[in-house]
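In what follows, a structure is listed as structure tokens, so that the remarks can point back to it.
The values are calculated or read from the model by the stated rules, or taken from the named source; none is laboratory data. All of these numbers come straight from a predicted model, not from anything done at the bench. Don't worry about glycine lacking a Cβ; one is built from the backbone with ideal geometry, like all the others, and counts go over all protein chains shown. The protein model used for the area step is the full one, side chains on, heavy atoms only, and it has no ligands, DNA or RNA in it. Shrake-Rupley method; radii C 1.70, N 1.55, O 1.52, S 1.80 Å.
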Amino acid sequence: SADYIYENNLRHKLDSITLEELLEIPGVGNKTARFFLMHSRPGFEGAVIDTHIHGWLEKVCQTDLPKPTTTAKYQSLERLWLSMTEVFFPGLPLHVADLATWILMRTWPQYDPFKKEWDPCVRTAINQAQLA
């Protein structure tokens, strides 16, 4: 990956590199490319489908979901996550919603997104994510 970036003179354009260009780098897949963009580009509209996001989506959808093993499956889960953040984390930047979800899933594994008694935990997770 580093050799490819150097040989293709990409190190000078990391502030403007596109998702498609990142995905062309050997060893960089959907998750890594989107992670880079989410944390380096304010307003990036994409999702890092990691274990915590996948587990949270299964809780929200109340069903087992496919693992993001192909680009099509990844993009499908990404669209689902983006639509769910509008409902459960309205107005929050995606990187904050992502971190708040990680905090929820790690700190309160029994978290149920449909029960009001979990609202204080959600607020705590959002506050912690905004401070990070």
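Okay, here's what the table says:
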| quantity | calculated |
| --- | --- |
| Flag if Arg79 is outside any loop (DSSP other than H, G, I, E, B), open to solvent by 60 Å² or more (accessible area, probe 1.4 Å) and either at negative phi or not hydrophobic (A, V, I, L, M, F, W, C) (or both) | yes |
| Exclusive hit being out of contact with any strand residue (DSSP E or B) (no Cβ under 7 Å at 6 or more places or on another chain), open to solvent by less than 70 Å² (accessible area, probe 1.4 Å) and more than 24 Å from Ser40 (Cβ to Cβ), set Tyr74, Tyr111 | Tyr111 |
| Residue within region 19-29 that is without any contact (Cβ under 8 Å) to a residue 60 or more places away in the chain and under 23 Å from Val122 (Cβ atoms) present | no |
